[in-house]
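Read the structure below first, then the notes.
The values are calculated or read from the model by the stated rules, or taken from the named source; none is laboratory data. Computed from a predicted structure; not experimentally measured. All Cβ positions, glycine included, derive from the backbone under ideal geometry; neighbour counts span all protein chains shown.
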């Protein structure tokens, strides 16, 4: 039996997901608006943005995650975590599709809906999505990172605080699926967001 924890922002959504997922193969061991450490969780189902606690809990590679989303950046975020398996499922998925994704992720597989996979493996779609995803200010920050400027000089040049620069950089990393400034610049250049 697969032990499942549900993370959803509202009690009504949690109840709906619980009703969809109740089956002989799945046992719901907890639920909440956020993620709490519960012994014996096999899979976490996330119906909103990925909770920050997920990185800490995924450290052993024993946990699997299923995210209800249509966004490519969720794929990048899940790929960066040490997970046993993971799945991204459309928020409109049927009960059977949702259960199948939970079972597959628990068995160490990766599940991506066809429509999302087409976008993931189409370089032009990725470029268009990244361009749309970055705000004009984030594109300015990325351009200045590409010029080699540290946070302090970026803040001075854009007349914003260093804290705001750090916030923009974090957002850029998340949207591009980058883990470092160098990788963000490289991805930005490949996607035509900046010129070097």
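Taking every residue in the range 129-155 that is surrounded by fewer than 18 Cβ atoms within 10 Å (Cβ to Cβ) and pairing it with any residue that is modelled with pLDDT of 90 or more, at least 6 positions away or on another chain, the pairs with Cβ-Cβ distances below 8 Å are 137/158; 137/168; 140/158; 149/157; 152/162; 153/144. For the range 1-48, residues that are within 21 Å of the chain's Cα centre (by Cα) and part of a strand (DSSP E or B) total 10. Determine whether the range 70-78 contains at least one residue that is modelled with pLDDT under 90, within 19 Å of residue 41 (Cβ to Cβ) and surrounded by 15 or more Cβ atoms within 10 Å (Cβ to Cβ). Yes, the range 70-78 contains at least one residue that is modelled with pLDDT under 90, within 19 Å of residue 41 (Cβ to Cβ) and surrounded by 15 or more Cβ atoms within 10 Å (Cβ to Cβ).
Looking across the range 143-191, the residues that are closer than 23 Å to residue 79 by Cα and assigned to a loop (DSSP other than H, G, I, E, B) come down to 177, 178, 179, 180, 191.
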